[in-house]
Amino acid sequence: MLDAGTILLASALGLVVEIVAGRLLAPYVGMSVHSWTAVIAVVLGGFSLGHWWGGRLAGPDCDRARGHGRLAWVLAGCALASMAAVPALRLAAPYLDREGVSPLVAMLGFALAGFFAPSLLVGAVSPIVTKLAVEEGERDQIGRVLGRLFALSALGAIGGTLMAGFVFVAWIGSSGTMLVCAGLYAALAALHAAMAARRAAALALAVAAITCPAAASALQAYGRVCDVESAYACLRVVDAASMVGQPARLLVLDHLAHGVNVRDEPGLLAQPYLHLVDELMQRRGLPATPAAFFAGGGAFTLPRAWAATWPDARLTVAEIDPAITALARREFWLETGPGVQVIPRDGRAALQALPTAAQFDMVFADAFQDLAMPVHLVTREWHQAVRARLKPGGAYLVNVMEDRSDPRFLFALLRTLAEDFPAVEVWVEASEQPAGRRITYLVLASDTASPGARLAAHRGPARQWARLPAAYVAARWAEARVPVLTDDYAPVDRLMSHLILSPEASGR
């Protein structure tokens, strides 16, 4: 019975740690397919080496007493490694979370620092448990014993995945989850120490299962990185008064800035790309009561500014994370009324649920996530849904963070938009941008072109923007031979892989 319970719980905890690893890395390297790839590779590598080592521990000399004793110490090691994971990430941060470090190196480095040891140790559990279970069973029942253990291992992994994703992270946070895992590992270790007749060790481990996680939670190394940790992101509120010169706050999602709100001047847009959206749409001629749809809320910076400028505007914001909306109301001075409707759904699902009728002057996709755009918000099918809901002369805008010299994903996005929109434009800041290869482009697609190729700010900071020549852009995407992005084929991560390998392009 203990063997079955050990396999079930150890497998569950191993998968809980793997799921939580992605969340714990997010404040340092963001959350993307690349960061998850690094986590999964490191964890599976740990499991593999642990299985090999566990097989050595389950050798011919591993009788019942020795087996339970070895399991006790391996599981105690799992507890220590799980407790050490969060401090290990913070110790590694000064070396990995800085300019000049390739994002790929940073992702792999953080994953190794925090999660290789817990995975290796828990990987050693199953060979020892299997050895004990097989030797204790009947000879003609070996197949059934193995099948039962493998089934319990898979069931535990499923349960751990579900508990981590739907319960632990949402209710006690990532760091708290790691401490709970440490406590459960220690409790399991105490049971095996008792089975090995090591009463003193069993008692010490039982006490440690309760006291050590509780004590560790009070340490500075376990201090909160996130002001709010939701099921989707690590949310942080940063005082931006020194940047703006008056009371203001910056929202950071995982490790990417998503909006600066000025308390007393909602219309003051500190971020250049949001300032450009505002100025560009006004130049194109917004009506007295504009209607706009925002795919992604963030700090609700632009909806808040437009609601203050046009009190009768009809602004619809699709923000899938209710914690972000609550934080915007609480910390970023967002006031939602009849003119600002928040839909707690994914941007694409929310837009497609609306009637297929021309109803918006602008649709703005502000959902860029670190080194990639959500795939379902860049495809031709999404663009067709957007165009069906734009008024004549209305515009679809999307900000793209890409390479300065070779923006392959940007070219693919432009080619895809050109399939359904007669006018496709790319705007950039005309002033000198920060050093590095990664910059922000603003893409506009419409049935009518914007007037002029240069734009100067009429309010707020003195800024200027320029539109890249259409012929030049078309020639570049033809030269790059990029595909049209569809729901069936949208290799966004491959098109942006050059950023993963380049320290200069990381933008970290």
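The values are calculated or read from the model by the stated rules, or taken from the named source; none is laboratory data. Everything numeric here is computed off the predicted structure, so don't read it as measured data. For neighbour counting, all protein chains shown are included, and Cβ atoms are generated from backbone atoms with ideal geometry for every residue, glycine included.
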Residues satisfying the stated conditions in segment 1-21, i.e. touching a helix residue (DSSP H, G or I) at 6+ places or on another chain (Cβ under 7 Å), surrounded by fewer than 22 Cβ atoms within 10 Å (Cβ to Cβ) and of a type in the set (Gly, Ala, Ser): Ala4
Starting from residues that are among the polar types (S, T, N, Q), within 14 Å of the chain's Cα centre (by Cα) and part of a helix (DSSP H, G or I), keep the ones in segment 1-60 and report whichever is nearest to Phe150 (Cα to Cα). Thr37
On the basis of being closer than 30 Å to Glu229 by Cβ, crowded, with 24+ Cβ neighbours inside 10 Å and in contact (Cβ under 8 Å) with a residue 40 or more places away in the chain, does Ala186 make the cut? yes
Selected residue [part of a loop (DSSP other than H, G, I, E, B), β-branched (Val, Ile, Thr), touching a residue at least 24 places away in the same chain (Cβ under 8 Å) and surrounded by 14 or more Cβ atoms within 10 Å (Cβ to Cβ)] from Val260, Val225: Val225
Quick one: in segment 335-392, which of the residues that are of a type in the set (Asp, Glu) and at pLDDT 95 or above is nearest to the chain's Cα centre (by Cα)? Glu381
Subset of segment 336-360 that is among the polar types (S, T, N, Q) and surrounded by 13 or more Cβ atoms within 10 Å (Cβ to Cβ) - its residue that is farthest from Leu286 (Cα to Cα): Gln352
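Here is a yes/no grid of residues against (1) closer than 20 Å to Ser35 by Cβ; (2) surrounded by fewer than 16 Cβ atoms within 10 Å (Cβ to Cβ); (3) assigned by TED's automatic domain parsing to the domain that holds Ile40; (4) at pLDDT below 95:
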residue: Val86; (1), (2), (3), (4): yes, no, yes, yes
residue: Leu96; (1), (2), (3), (4): yes, no, yes, yes
residue: Leu121; (1), (2), (3), (4): no, no, yes, no
residue: Val145; (1), (2), (3), (4): no, no, yes, yes
residue: Val167; (1), (2), (3), (4): no, yes, yes, yes
residue: Trp171; (1), (2), (3), (4): no, yes, yes, yes
Can you name every residue in segment 322-347 that is more than 21 Å from Pro290 (Cα to Cα) and assigned to a helix (DSSP H, G or I)? Pro322, Ala323, Ile324, Thr325, Ala326, Leu327, Ala328, Arg329, Arg330, Glu331
Determine whether Pro303 is assigned by TED's automatic domain parsing to the domain that holds Gln464 and not in a helix (DSSP H, G or I). no
Quick count over segment 389-431, residues being small (Gly, Ala, Ser) and without any contact (Cβ under 8 Å) to a residue 60 or more places away in the chain, is 6
Being touching a residue at least 40 places away in the same chain (Cβ under 8 Å) and within 18 Å of the chain's Cα centre (by Cα) is the requirement here; does Ser174 meet it? yes
I'd like to check something: does segment 389-404 contain any residue that is of a type in the set (D, E, K, R), surrounded by fewer than 18 Cβ atoms within 10 Å (Cβ to Cβ) and in a loop (DSSP other than H, G, I, E, B)? yes
Taking segment 194-210 and the residues there that are assigned to a helix (DSSP H, G or I) and in contact with a Gly (Cβ under 8 Å, 6 or more places away or on another chain), the one that is farthest from Trp73 (Cα to Cα) would be Ile210
What are the pairs with Cβ atoms under 7 angstrom where one residue, in segment 194-206, is touching a residue at least 40 places away in the same chain (Cβ under 8 Å) and the other, located anywhere, is surrounded by fewer than 18 Cβ atoms within 10 Å (Cβ to Cβ)? Sequence gap at least six, or different chains. Met195/Leu2; Ala196/Ala65; Ala197/Ala65
